[in-house]
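Since every read-out is calculated from the coordinates, none of them should be taken as a lab result. Everything quoted here is computed from the prediction, not taken from an experiment. Note that we place each Cβ from the backbone using ideal geometry, even for glycine, and neighbour counts take in every protein chain shown.
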Amino acid sequence: MTSMIRPKKREYHMTPSAIISRKWNQRNPDKIEVVKQRNKNMRLLVMDILGGRVCVTCGYDENTRALQLDHIDDKGHEDRYHFTNIWSMYSFYLKNPEITREKLQVLCANCNTIKQSENNIYQMSRREQK
Ligand SMILES: [Zn+2]
């Protein structure tokens, strides 16, 4: 269904799910804060499945806002296309803890950035767009 959505000119860089989210946000401005809080809670629950709110590389655990869910195989872009929104992605990972432990890990923002730069993820995704 998502492929039937025709993006506006300024939306061509966005995934179908991001376009759907933007349209929903425009229609439901009063619900945005509730949804944001729900997604934050779900993100923390996914981290709990993965063994806790702590970076697996360096052990950082002071502030959960600096912790990120990282795709071990660097295929996060596939998830962004596969799931309609962040809620459906978190729901899937909460319902399937085995898959979650297989695919995701908790990294702090520093370790995640270092991993991405070592794996050349930014350059790869730029190359794919051309
Ligand atoms: Zn770290």
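Looking at 108, 50, 25, which one has the Cα that reaches farthest to the positive end of the dipole of the chain (charges on Cβ: Lys, Arg +1; Asp, Glu -1)?
Working it through, the farthest residue towards the positive pole turns out to be 25.
What number comes out for the charge environment of residue 115, summing +1 per Lys or Arg and -1 per Asp or Glu over other residues with Cβ under 12 Å away?
Summing Lys/Arg as +1 and Asp/Glu as -1 gives -4.
Can you pull the one-decimal nm distance between simple spin-label points at residue 44 and residue 18, each 7 Å off the Cα toward Cβ?
Reported label-point gap for residue 44 and residue 18 is 2.7 nm.
Could you work out the local net charge near residue 37, counting Lys and Arg as +1, Asp and Glu as -1, over the other residues with Cβ closer than 13 Å to its Cβ?
Overall, the nearby charge balance is +4.
So if I average 1/r over every pair of distinct C-alpha atoms in the chain and take the inverse, what Kirkwood radius in Å does that give?
It is 16.2 Å.
With n ≥ 4 as the cut-off for DSSP H runs, can you work out [θ] at 222 nm for the chain, using -39500 (n - 2.57) per run divided by the number of residues, rounded to the nearest 500?
Value at 222 nm, helices only: -16500 deg cm²/dmol.
Excluding residues on the same chain fewer than 8 positions from residue 75, give the lysines whose Cα lies under 27 Å from its Cα.
By straight Cα distance, residue 75 reaches 8, 9, 23, 36, 40, 95, 103, 115, 130.
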